[in-house]
Every structure is written in structure tokens, then in C-alpha cells.
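Read-outs throughout are calculated quantities, based only on the coordinates presented, and are distinct from any laboratory measurement. Not measured: the values here are computed from a predicted model. Glycine also receives a Cβ, built like all others from the backbone with ideal geometry; neighbour counts cover every protein chain displayed.
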Amino acid sequence: MKSTVLKMLAGVSLLLVTGLGAATASASSLTTITGGNPSQLEPGTIDMYQNFVIVDGNNPIDASGLLTSWSYYAQYQAPRPKTPYGSLPANNTGQVELVVVQPGATLATGAVVTYVSAPSTPFISSPVSSSSDRVVTVPLPGGVWVQKGDEIGLYFIGPSVVPFTGVPSGGTSGSVLYTSNGYGANNSISMSGSLAFQGATSRTYAVSVSGVTGAGCKDGGYATLGFSNQGACVSAFATHGDVPIGAPGH
């Protein structure tokens, strides 16, 4: 299939099904995928762990379809000379990757990884300070197929750059699962891999994803999504678990 994300990011509306007000609202809800915490992309606390992975199970992906971008709040952290983990440097060199895992991740069983993004480096200018804090939106060229119920997470390469709100300490219960400190430095974080967790905690991380469902195939929307015809669009979404509006019986 052709690239989907470039046309979407050019400002083309995803609201492709027209009609009366009630029908339009329904189409809009069907065309949009969300996951994570879009209303909480804001300052918080920066982890002391480095090279580790978290999976935030607060708001799983709400529909099957194609992710087109992910967003996070980038927060600068000055050096911390005295912590339980020794002296920690500033996080201006930190990078972060989006991780998608299958539903059902637990502390006991771990998680199955289905996608890992390219690294995002939020602090590329110098000097870095709290004035560099901002929301970063990262496009996903070509899109990423996901299933309803998939959960999202973050792989921190080096120090953490994305804050959380909630319980500052770890434990064995909560909506967020986390690996051990330094886990990423000793384990391959890759698609079709798995994660083993150290603990769980009640937190919310400043990360979210967005995308589109197969509802966009109808009424010429297939072209906006990069397909040559409606049948090809319907087939692609159906193959990846989402039966679009416009398919037989829908």
C-alpha cells in the first residue's frame, strides 16, 4: 500500500462520511483511533531508572486500524547528584521509542511486543532547560496496524524524557508495568519480541497515539488513505482485523 501518513498530515480531514448531524458524529467516532493519555500530555515526575521499558495500561487502543502518529510530553530533568541509584546525569541526551504490545500484559506473564518505533530525540538544541519542555508529535510513516485492546508503552534509551503522574514508587500492582533498571541495555527490544517486567505501579505517563479505522474507506476516502480503490482499502483493513464501513453488510 502507499504511504498513508503523509496525506493525513497534510491536513486532509479524516471525516469522510457525510450526512445529517447525527450520522456525521457517528462517522467521526468510527474513523478515529486513540490510545494512551491524550488529555495528560503535561509536566510530572521523571523516572530515576534508565534504559528501561514501561507499558501504560490505563487506556488501551480503542479500535482496530492504522496508527498515524504518537505524541508525548518531553520534560527536561537537571542532574540529580544523590539518588538511590547514585548520581544521575541530566536527561538531555535521552531518547524514547513507542512500543505496542498485545492485550493481556501482566507482571507474571510479561508482554508480547508487536511494534517498536524509531527513536525520538526531544532535546536536540543547546542549551537545554525547562524552557525546552513541550509536546512532541511523531508521525508514523506508512502507518502501524493495531488491534483494539493493544496497549502502548515507552522504551527509554538512556535517561527518561517523558514524565508521569501518580505513585512515585514501584510495587506489584497498578496500571503501569515496568522492567528493571538497565533492562534495555541488556535485552533486545524488538518487534515480535517479549518483555519481562520487574513490577507494577499506579501511574499515568504523558504519551498517546492516534490513527484511523476502516470507516475512512467509504465515499472516496480510500484515496485519502493512499489506496487506488475502495476494494483495496476495505481488503487491507479487513486483513488487519477491522471490517470497514462500506464492506458487504456494513
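Once both labels are positioned 7 Å from their Cα atoms along Cα-to-Cβ, the gap between T93 and S228 label points is 4.9 nm.
Rank by packing, highest mean first: peptides 72-80, 48-56, with packing defined as the count of other Cβ atoms within 10 Å averaged across residues. Don't skip to the end; give the middle numbers.
Details: 72-80: 19.3, 48-56: 22.7.
Highest mean packing first, the order is 48-56, 72-80.
Peptides 197-204, 214-221 ranked from most to least packed give 214-221, 197-204, packing being the mean of other C-beta atoms within 10 angstrom over each peptide's residues.
Were the residues from K82 through S39 laid out at 0.36 nm apart, the gain over their Cα-Cα distance would be 12.2 nm. Overall form of the range 34-212: oblate. Here a/c, set by the Cα gyration tensor axes a ≥ b ≥ c, is 1.5 or more, and a/b is not larger than b/c. Taking a ≥ b ≥ c as the square roots of the Cα gyration tensor eigenvalues, with a/c under 1.5 meaning rounded and otherwise prolate when a/b beats b/c, else oblate, which class fits the range 37-78? Verdict is prolate for the range 37-78. Rounded to 0.05, the FRET efficiency of the T165 and D219 pair, given R0 = 30 Å and the Cβ-Cβ distance, is 0.15.
State the answer as a single residue: which of V100, A78, Y178 lies farthest towards the positive end of the charge dipole of the range 52-197, with beta carbon charges of +1 for Lys and Arg and -1 for Asp and Glu, about the Cα centre. Ranked along the dipole, the leading option is A78. Quick check: from the Cα gyration tensor, does the range 33-119 come out rounded (a/c under 1.5), prolate or oblate? Verdict is prolate for the range 33-119.
Distant-in-sequence amide contacts of G199, defined by a placed amide H-H separation under 5 Å and a gap of 5 or more residues or a different chain, comprise Y178. Simple point charges give the picture: +1 on the Cβ of Lys and Arg, -1 on the Cβ of Asp and Glu, and for the range 34-212 a dipole about the Cα centre of about 280 debye.
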